[in-house]
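Peer 1: I'd like to ask some things about the structure below.
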Amino acid sequence: MRRLLGWLLRKIFGWLQGSFHSTLHSPRTAVVVGRLLGVAFLTCFVTGLYSHFLQDPLPWQPVLARPTWLYRLSQGTHVTTGVACIPLLLAKLWTVYPKLFSWPVVTGVKSALERASIALFVASSVLELAMGLLNVYKWYPWPFSFRQVHFWLAWVIVGSLVIHIGVKLPLIHAHWRASRPVNDVERESLTSRRGFVGAIAAAAAVLTVTTIGQSIPALGPVDLFAPRRPGLGPNALPVNRTAAEANIHAAATNPSWALKVINQNLTHSFTLAQLRAMPQTEVVLPIACVEGWSQNARWRGVRVRELLALVGAGPRQGAEVRSLETNGAYAGAQVPPEYAWDELTLIALDVNSAPLDLEHGYPARLIAPNRPGVLQTKWLASLEVRQR
Ligand SMILES: Nc1nc2c(c(=O)[nH]1)N[C@H]1C(S)=C(S)[C@@H](COP(=O)(O)O)O[C@H]1N2
Ligand SMILES: [Mo]
């Protein structure tokens, strides 16, 4: 029985392996596609770390409120390179696919390590890219925290990639530079390889151009895949979580609404009229959503630092904002001192020359420079000074 099973497996693997004789499965193609995938993945990884640690700073980590557009650029790049990784990963898998069926499955410690690292790499990358893509479409069908799982999976990918590259180093080295074709067969194989890599690069480019319109207004008209378009929505700005989803309609339109500004036992309440009577500042800052879309808007309101000073806080103290929304994941946010005392950080009352629409956080929301959209809290209830 075991011999029969062994014979059957050998036959099946042999057939799968032999089913592709094309030169596209050559090590040189694997190296060329692997390099592209490596660059896209590394860019995606670094920008992902930046986003993660902006949302969850380490205790000793400084956060930077400048340049105002850095997070917008970095997160746009993260989502764009992530999308480009999809055709590149598929191409890479297709290139090496016969290898997956080499027989015997393992020949020793080195090959066991190699195959295990590849299995781990393939499984974690497929999961990582699928999760990221669903997130771009604002779909979170899983019960766990997207960001934590996405973060740890990225490290699993990096780890398995380091092993994979280490094992393949001699091969990568040997095929890093194209060898000059010496006869017609080699010339022909070079042409088909270039065609293949060109087609993959074109697929990645088309996907990029048709998604990036969510971040670059000029490319809005060719934005086919991204779910949000610049300029569409109340106040000419897309909406992420709606007022209905957050269930804040009654609380936000209550005429007795007032912003509580709290420092220990001291609480000052500011009605909308009182906030409007204070000095108003106008800033142009983007909403840069972690899901990839971003857009600049002109915000007007009261500087957070002015309110903090009114309750006696000092410039090394951060703050915390809370929303009228009670149970969303983004119902509140930390405002580290670098943001809280920045002249561009506002309790915004207006956007694009009109009062905030209910969808954008009426009566008041936070807007701060160089910060993920998830931290730009809407429908504010309170601003509280952090005691160090
Ligand atoms: N209270 C509250 N504020 C919130 C959110 C939320 O879910 N609840 N979502 C955030 C996210 S993810 C983004 S991208 C921005 C989007 O702002 P906008 O809908 O005004 O464009 O709001 C942020 N503020
Ligand atoms: Mo967002």
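Peer 1: Could you do me a favour and compute the accessible area per residue for the chain, 1.4 Å probe, result in Å²?
Peer 2: Solvent-accessible surface per residue comes out at 52 Å².
Peer 1: Within region 42-143, report the trypsin sites (Lys or Arg not before Pro) that DSSP leaves as loop and that have at most 16 other Cβ atoms within 10 Å.
Peer 2: 138
Peer 1: In whole Å, what are the Cα extents of the chain along the three principal axes, biggest one first?
Peer 2: 81, 43, 36
Peer 1: When the Cα centres of region 309-371 and region 182-251 are compared, how far apart do they sit, in Å?
Peer 2: 31
Peer 1: Mind checking which lysines have their C-alpha under 27 Å from residue 138, skipping anything on the same chain fewer than 8 residues away?
Peer 2: The qualifying lysines are 378.
Peer 1: Something else: Note down the magnitude of the dipole of region 1-107 about its Cα centre, charges +1 on Lys and Arg C-beta and -1 on Asp and Glu C-beta and zero elsewhere, to the nearest 20 debye. Present the calculation step by step, with values, prior to reporting the outcome.
Peer 2: Details: 10 positive and 1 negative charges, 110 e Å.
Here the size comes out at about 520 debye.
Peer 1: Work the Kirkwood hydrodynamic radius out for region 2-222: mean of 1/r over every pair of different alpha-carbon atoms, inverted, in Å.
Peer 2: Evaluated over region 2-222, this radius sits at 19.8 Å.
Peer 1: Here is a further query. Could you tell me the relative contact order of region 149-258? Use alpha-carbon pairs under 8 Å, at least six residues apart, and round to a whole percent. Write down the numbers at each step before the final one.
Peer 2: On the way: 52 pairs, mean separation 10.6, N = 110.
Over region 149-258, the number comes to 10 percent.
Peer 1: Hey, another quick one. Looking at the square roots a ≥ b ≥ c of the eigenvalues of the Cα gyration tensor of region 154-228, which shape do they give, rounded for a/c under 1.5, prolate if a/b is larger than b/c, or oblate?
Peer 2: Numbers: a/c = 4.36, a/b = 1.47, b/c = 2.96.
Verdict is oblate for region 154-228.
Peer 1: Hey, if you put +1 on the Cβ of every Lys and Arg and -1 on every Asp and Glu Cβ in region 2-222, which of 145, 57, 86 ends up farthest toward the positive end of that dipole?
Peer 2: The residue sitting most towards the positive pole is 86.
Peer 1: If I compute solvent accessible area with a 1.4 Å probe over the protein chains, what percent of it on the chain is carbon and sulfur? Don't jump to the answer; show the numbers that get you there.
Peer 2: On the way: 13150 of 20060 Å².
Accessible surface attributable to carbon and sulfur in the chain totals 66 percent.
Peer 1: Expressed as a rounded percentage, what relative contact order does the chain have, with Cα pairs under 8 Å and six or more residues apart?
Peer 2: Values: 609 pairs, mean separation 71.2, N = 388.
Here the relative contact order equals 18 percent.
Peer 1: Could you tell me which of rounded, prolate or oblate describes region 67-154, using a ≥ b ≥ c as the square roots of the eigenvalues of the alpha-carbon gyration tensor, with rounded for a/c under 1.5 and, failing that, prolate when a/b is larger than b/c and oblate otherwise? It would help to have the intermediate numbers written out before the result.
Peer 2: Values: a/c = 2.49, a/b = 2.08, b/c = 1.20.
Prolate.
Peer 1: Can you find, among 162, 205, 43, the residue farthest towards the positive end of the dipole of region 2-222? Put +1 on the C-beta of Lys and Arg, -1 on that of Asp and Glu.
Peer 2: 162
Peer 1: May I pose another question? With a point put 7 Å past each Cα toward its Cβ, work out how far residue 277 is from residue 250 in nm, to one decimal.
Peer 2: So the label points at residue 277 and residue 250 sit 3.0 nm apart.
Peer 1: For region 2-222, what's the relative contact order in percent, using C-alpha pairs closer than 8 Å and at least 6 residues apart?
Peer 2: The value is 31 percent.
Peer 1: Determine the dipole magnitude for region 234-385: charges of +1 sit on the beta-carbon of Lys and Arg, -1 on that of Asp and Glu, nothing else is charged, the reference point is the Cα centre, and the result goes in debye to the nearest 20.
Peer 2: 200
Peer 1: Rounded, prolate or oblate, given the Cα gyration tensor of region 234-385, with a/c below 1.5 counting as rounded?
Peer 2: Rounded, since a/c falls under 1.5.
Peer 1: What accessible area, in Å² to the nearest ten, does a 1.4 Å probe give for residue 97?
Peer 2: 60
Peer 1: Excluding residues on the same chain fewer than 8 positions from residue 168, give the lysines whose Cα lies under 28 Å from its Cα.
Peer 2: 11, 92, 99, 110
Peer 1: Counting only protein chains, not ligands or nucleic acids, how are 124, 192 ordered by accessible area (probe 1.4 Å), most first?
Peer 2: 192, 124
Peer 1: Sticking with this structure for a sec: Relative to the Cα centre, what is the charge dipole magnitude of the chain, using +1 at the beta carbon of each Lys and Arg, -1 at the beta carbon of each Asp and Glu, and rounding to the nearest 20 debye?
Peer 2: 1340
Peer 1: Also, I was wondering about something else. Filter the DSSP H helices in the chain by two things, a Kyte-Doolittle mean of at least 0.5 and an axial alpha-carbon span of 18 angstrom or more, and list the hits by number.
Peer 2: Span-like helices, by this rule, are 27-55, 70-96, 109-136, 146-175, 184-209.
The values are calculated or read from the model by the stated rules, or taken from the named source; none is laboratory data. Nothing here was measured: the structure is a model prediction, and the numbers come from that model. Note: ideal-geometry Cβ built from the backbone for every residue, glycine included; neighbour counts use all protein chains shown. To get the accessible areas, we keep the full protein, side chains included, count just its heavy atoms, and leave off ligands, DNA and RNA. Shrake-Rupley method; radii C 1.70, N 1.55, O 1.52, S 1.80 Å.
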